[in-house]
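The values are calculated or read from the model by the stated rules, or taken from the named source; none is laboratory data. Given the structure is predicted, the values throughout are model-derived calculations rather than measurements. In this analysis, Cβ positions are derived from the backbone assuming ideal geometry, glycine residues included, and neighbour counts consider all displayed protein chains. These area figures cover heavy atoms from the full protein model, side chains too; ligands, DNA and RNA do not enter into them. Shrake-Rupley method; radii C 1.70, N 1.55, O 1.52, S 1.80 Å.
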Amino acid sequence: MKVNTLTSHQQEKYFSNLVQELHKDYSKYKVTQIQTRRFEINDYHRILDSLLEEGKEIFNVKKIGSSFKGRDIKLIKFGEGKIKILMWSQMHGDESTASLALLDLINLLKKRKDLSDELKSKISLFIIPILNPDGASEFERRNYQEIDINRDALRLQTPEGRILKKVRDEIQPDFTFNLHDQYANNSVGRTGSPAAIALLSPAYDYDRNINEVRERAIKVCVEIKDIIEKFYPSVVARYDDEFEPRAFGDNFQKWGSSTILIESGGYFNDFEKQEIRKMNFLALAGSIYSIANQLYQKKSTDAYFEIPENQRLFFDLLVKNVTVKKDSIEYIVDIGINYSEKYDSLRGKYIKVYTITDIGDLSTFYGFDTLDAKNLKFEFGEVYEEILNEFKQIENLDLKFLIQNGYTTIIYQGNFDKIKEDSLLDEMISTTKSPIRESKKLLGHSANFILKDENGKVHYAVINGRVYEPNKIH
Ligand SMILES: [Zn+2]
């Protein structure tokens, strides 16, 4: 049976099966050479170029300009259909999730001939992967001029912004997809679920009116939510729709292209955002199919406004009901802990450094991990007195004994070859002497502390934001 001759009911059934298949068979389409948020931009382009070369019958590629530092920016075109769709990723250089999902989408179109045959007569899909290659090469938000490209839609002082504007003006797309990452600590309203994906059909004026252009994007957002939540219940939030007159999405909406913003956030145990990459893949592949066949038109605008709002309510670790002491007076607080990434030159890589970012009544917040420390007392972890430089000095340390005696941190400035990544020893090691000088303020302190009962027995040690029970350490 030819897909083109299906009735609308059959088409929906076909679509539903397609989404199920894409989810089930994702590993067939995932481009596995890159599976980390940080990657070399040259590696990305090498992999992309080889995919495009293999799929040269269906893809057209051209250079459409250069970044401030002269890096190529490419436009990929697929299909000859009437409905025009433009997608771009990584206009913020440290927001790479969708760039990887675009590789998977290109791979899908290359591999699934039945699908690409159908789509290519209905849509023209234009993709700009990594709009901000200078920022991407440093894994920084802004471009080389230190300008946020997404606040440059009117002034157009960045070459990258000018390229995006020019492409839109020339193509006059019906739909545009603006692909970003947001903080991993956002939640889906007060549901207690992390906002792995936040969606927005941007406003085109301060009153946030809804015209036909914006409404089409709203319906596509609902389509995306329904696709993702088939497999990942309650992970989609609605992004704040305050009008930003300098942003591209808001202006594209104003200029007549229905615009969908997809923000990749956080998910459980998904630091490299590979699960969220898959959600992006499903969202993008599903959307283009839905747009090609106008299926999204059946979605309701109300369903969009029923999506819970994106709220910053997650901590990486939330320790509840812990007893702390100041000037010998005890009281109860919750402790919120988040990580940031920092380059560690001795380890030769980025590491996660966990810090106490809030204390007090945090009962309205959630944690990717939570620990109830009822009846337990907080004590700052001790730093092992000696600074160690040789592996043989640390390999035989009795970590369990150290933790039971209140130590959480070892300063080591030697070789890391034999230290297992993310092991307890690895987490205990600081390569800088700074912990010695840390103040005894909780806020801003590294997340290294122990939790004792009233008899002084250590129940838990929090070491660089991870929870350990001394009994379970061998
Ligand atoms: Zn962004």
(request) For the stretch 414-474, take the alpha-carbon Rg, divide it by the Kirkwood Rh, and send me Rg/Rh. (result) 1.00
(request) Can you spot the aspartates and glutamates whose alpha carbon is less than 13 Å from Lys326's alpha carbon? Ignore those fewer than 8 places along the same chain. (result) Glu379
(request) At 1.4 Å probe size, with every protein chain present, just tell me what the per residue accessible area of the chain comes to in Å². (result) 46
(request) Report Rg/Rh for the stretch 316-421, rounded to two decimals, where Rg is the Cα radius of gyration and Rh the Kirkwood radius. (result) 1.03
(request) Could you please report the charge total around Asn209, scoring K, R as +1 and D, E as -1 over all other residues with beta-carbon less than 13 angstrom from its beta-carbon? (result) -3
(request) Report, largest value first, the span of the C-alpha coordinates of the chain along each principal axis, in whole Å. (result) 75, 48, 44
(request) Could I have the simple spin-label model distance between Thr432 and Lys69, label points 7 Å from Cα toward Cβ, reported in nm to one decimal? (result) 2.3
(request) Order the peptides 52-60, 90-98 from the highest to the lowest mean number of other Cβ atoms within 10 Å of their residues. (result) 90-98, 52-60
(request) Could you pull the Cα extents of the stretch 360-474 along its three principal axes, largest to smallest, in whole Å? (result) 44, 28, 26
(request) Run the accessible area of the stretch 257-329 with a 1.4 Å probe and give the carbon-and-sulfur part as a rounded percent. (result) 43
(message) What lysines does Lys13 reach when the alpha-carbon gap must be under 17 Å and sequence neighbours fewer than 8 apart in one chain are set aside?
(response) Lys2, Lys24, Lys230, Lys298, Lys299
(message) Which residues does the label zone of Glu229 cover in the stretch 354-376, counting backbone N under 11 Å from a point 7 Å along Cα→Cβ?
(response) none
(message) Need one value: the accessible area of Trp255 in square angstrom, 1.4 angstrom probe, rounded to the nearest 10.
(response) 80
(request) Go ahead and estimate [θ] at 222 nm for the chain from helices alone: -39,500 (n - 2.57) per DSSP H run with n ≥ 4, summed, over the residue count, rounded to 500. (result) -9000 deg cm²/dmol
(message) How high is the relative contact order of the stretch 162-283? Use alpha-carbon pairs under 8 Å, at least six apart in sequence, and give a whole percent.
(response) 39
(request) Can you check how the C-alpha radius of gyration of the stretch 270-355 compares to 2.2 N^0.38 Å, as a plain ratio? (result) 1.83
(message) Antiparallel versus total DSSP beta bridges in the chain: what percent is that, nearest 5?
(response) 60
(request) Determine which lysines satisfy two conditions relative to Lys69: a Cα distance under 23 Å, and not lying fewer than 8 residues away in the same chain. (result) Lys165, Lys166
(request) Return the carbon/sulfur percentage of the accessible area of the stretch 43-196, one whole number, probe 1.4 Å, all protein chains in place. (result) 44
(request) Determine how large the accessible area of Arg71 is when every protein chain is in place; take a 1.4 Å probe and give Å² rounded to the nearest 10. (result) 80
(request) Determine the dipole magnitude for the stretch 15-57: charges of +1 sit on the beta-carbon of Lys and Arg, -1 on that of Asp and Glu, nothing else is charged, the reference point is the Cα centre, and the result goes in debye to the nearest 20. (result) 260
(request) Please give, to one decimal in nm, the separation of the simple spin-label points placed at Lys111 and Leu443, each 7 Å out from Cα toward the Cβ. (result) 5.0
(message) Using alpha carbons only, how many angstrom separate the centre of the stretch 17-69 from the centre of the stretch 212-247?
(response) 24
(message) At a threshold of 8 angstrom on Cα-Cα distance, excluding pairs fewer than six apart, so keeping six or more, what relative contact order does the chain reach in percent?
(response) 12
